[in-house]
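The values are calculated or read from the model by the stated rules, or taken from the named source; none is laboratory data. Because the structure is a prediction, the values reported are computed rather than measured. Note that we place each Cβ from the backbone using ideal geometry, even for glycine, and neighbour counts take in every protein chain shown.
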Amino acid sequence: MRILVVGSGAREHALLRSLRRDPAVTDLFVAPGNAGTHSLATAFPLDVADPSAVAALALELGVDLVVIGPEVPLVNGAADAVAAAGIAVFGPTAAAARIEGSKAFAKDVMTAAGVPTAMAVAVVSADEIDAALDLCGAPYVVKDDGLAAGKGVVVTSDREIAVAHALAVMEGGHPVLVEEFLAGPEVSLFAVCDGVRAVPLLPAQDFKRLADRDEGPNTGGMGAYAPLDWAPVDLVPQVQREVLDPVLTEMASRGAPFAGLLYAGLVLTVDGPKVIEFNCRFGDPETQVVLALLDSPLAGLLAAAAAGDLGLVSPPVFRSGSAVTVVIASEGYPGSPVVGDVIEGGDEEGILHAGTRRDDAGRVLSCGGRVLSATAAGRDLGDAREKAYALVDRVAMRGSQHRTDIGAAAAAGRISAP
Ligand code: AMP
Ligand code: GLY
């Protein structure tokens, strides 16, 4: 199989690593990739936001499968363009990617499918904000309805901050969603889908806030671990029954069957798991830990999903133990990341690259907010944490930031399902 992976994050680096281990894969390409992916795949420049450019590159390379990492190309229709060129693609159509592209659309699908989720009110004008905040109550959850790279959500007990965020989102021309606050541990569950069937992977936990103890602003994700030893044993079958299967049925009935990776962001509340968001692609950084534990071929699984044939492949197998990833971000992330700093130690096994590039002298430089993902598997969560943080210690980058508590509460037995 010749495969093109679209994207340039640590998620794509992790995907390439797993694909490289699959004996069915003969040739790997990445566009645009980063300084860490060049040893795994041949890189090509690409404007990933342009669907026709994605399709043209896939045709030029004569690949058998295109795997699209980020949401922007999917929401723009890259999967449609690749499929129209006659090439198999892992990633949903633009119509199905709306499940991430519009939170209001996702709510509508969930309501129609009877999927448990937070009560939400769409707000389109400034004079509706107060009533919506009163109805949902504090702590206030105020969301940008459009794509915002995980940074469009404000959760606060401060009414003024909630109102200010709602107004700022409206000024940006987007509708606002005000939501009921859901209390409980968060879980990310990925399912590989073929339009009809959903095959769940391992549940993982992401750390969205910038700083230790969940302080600071929301980010794209500062670290993750998997699996969740504290979660109820029937969590995955329950989510399959109550969330994944009904959503696939609803999407198909709307003429937008979901094929690709459906990411359910859940809160385990006292009333059971409830959805706070869907993403239409692999999550970053959760992918780094889920794939670090994958012990069966990835290419065949993704190709079967693309072909609508998940019923014909064996379910994925995961090794025992745990995995941890710690994101190393640049100074100023998530507000205004400083780029161009030299990175030392980025070549260690287990360091997955995101915002990195090589200069003419061959040095690795930062070129984005999230720069590296130090990823390790271990016999248990404590062991995986030690290994991941040992990798972090080997990296040097001026002004870098990372959390020191990824997986710490779970490793200490301080998380329990309600
Ligand atoms: P989202 O972009 O929708 O995933 O939201 C980002 C983060 O905000 C989530 O990971 C949660 O930590 C938090 N969040 C979003 N919606 C809610 C909610 N309804 N209740 C509690 N926390 C939420
Ligand atoms: N880890 C959160 C996301 O990928 O959206």
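Values for this structure:
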| read-out | value |
| --- | --- |
| Members of the range 209-230 that are buried (at least 20 other Cβ atoms within 10 Å of the Cβ) and over 12 Å from residue 333 (Cβ atoms) | 223, 224, 225, 226, 227, 228 |
| Residue in the range 195-206 that is modelled with pLDDT under 95 and within 14 Å of ligand 1 (Cβ to nearest atom) present | no |
| Test for residue 144: is it surrounded by fewer than 22 Cβ atoms within 10 Å (Cβ to Cβ) and free of Cβ contacts under 8 Å to residues at least 12 places away in the same chain | no |
| Single residue of 75, 67 found to be in a helix (DSSP H, G or I), touching a Gly at 6+ places or on another chain (Cβ under 8 Å) and touching a residue at least 60 places away in the same chain (Cβ under 8 Å) | 75 |
| Qualifying residue in the range 209-225 (condition: within 21 Å of residue 72 (Cα to Cα), among the basic types (Lys, Arg) and within 14 Å of ligand 2 (Cβ to nearest atom)) | no |
| Qualifying positions in the range 276-308 - within 16 Å of ligand 2 (Cβ to nearest atom) and either more than 21 Å from residue 225 (Cβ to Cβ) or basic (Lys, Arg) (or both) | 278, 280, 281 |
| Checking residue 39 against (1) surrounded by fewer than 20 Cβ atoms within 10 Å (Cβ to Cβ); (2) under 30 Å from residue 359 (Cβ atoms); (3) at pLDDT 95 or above; (4) out of contact with any helix residue (DSSP H, G or I) (no Cβ under 8 Å at 6 or more places or on another chain), the condition it does not meet | (3) |
| Residue, nearest to residue 238 (Cα to Cα), within the range 101-160, restricted to residues that are within 16 Å of ligand 2 (Cβ to nearest atom) and part of a helix (DSSP H, G or I) | 106 |
| The listed residue being hydrophobic (A, V, I, L, M, F, W, C), out of contact with any Gly (no Cβ under 9 Å at 6 or more places or on another chain) and within 16 Å of ligand 2 (Cβ to nearest atom), out of 14, 81, 58, 10 | 14 |
| So residue 333, is it among the aromatic types (Phe, Trp, Tyr), touching a Lys or Arg at 6+ places or on another chain (Cβ under 9 Å) and either farther than 20 Å from residue 208 by Cα or touching a residue at least 60 places away in the same chain (Cβ under 8 Å) (or both) | yes |
| Which numbered condition residue 233 fails, given (1) more than 23 Å from residue 373 (Cβ to Cβ); (2) within 12 Å of ligand 2 (Cβ to nearest atom) | (2) |
| Inter-residue pairs, beta-carbon under 9 Å, first free of Cβ contacts under 8 Å to residues at least 24 places away in the same chain and in the range 167-192, second within 13 Å of ligand 1 (Cβ to nearest atom) and small (Gly, Ala, Ser), 6+ apart | 173/146 |
| Which numbered condition residue 269 misses (of (1) under 16 Å from residue 106 (Cβ atoms); (2) within 10 Å of ligand 1 (Cβ to nearest atom)) | (1) |
